[in-house]
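Each remark here refers to the structure printed beneath this line.
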Amino acid sequence: MTFRSGLRKLSKRLVPAVLLVFLFVILAIRFYYVQEVIAALAIFSLLFAVVAAAVLVIYLIDRARQRTLDWAEPHATHMTQAAGELLAKPGQHSEKKA
């Protein structure tokens, strides 16, 4: 028995089975209940995709916010210290030197 003859025998058995499954699927779609289940699956899949997209957007916004705060924190600390020094000694910085 060669590979080709084995493949022919398999295809002779497989083709009627595939056609039978295809025919069953076509007949099942004709029933109202199956149509309702497929419609419900489509609706819930769409809702799941929308919720997943919203969660992804919230996650990305949070990551951007965290990176921005991590970048701005050292600069804000420096600016706060400089402003504190200016407020602690108001007379020194406001005088004009002649």
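Quick note: the coordinates plus some simple rules give every number you see, no bench work behind them. All values derive from a computational prediction rather than experimental measurement. Don't worry about glycine lacking a Cβ; one is built from the backbone with ideal geometry, like all the others, and counts go over all protein chains shown.
Given labels modelled 7 Å from the Cα in the Cβ direction, how far is it in nm from Thr68 to Leu19?
It is 6.4 nm.
Based on the Cα gyration tensor of region 16-90, what are the three equivalent ellipsoid semi-axes, each the root of five times an eigenvalue, rounded to whole Å and given largest first?
Those come to 65, 13, 4 Å.
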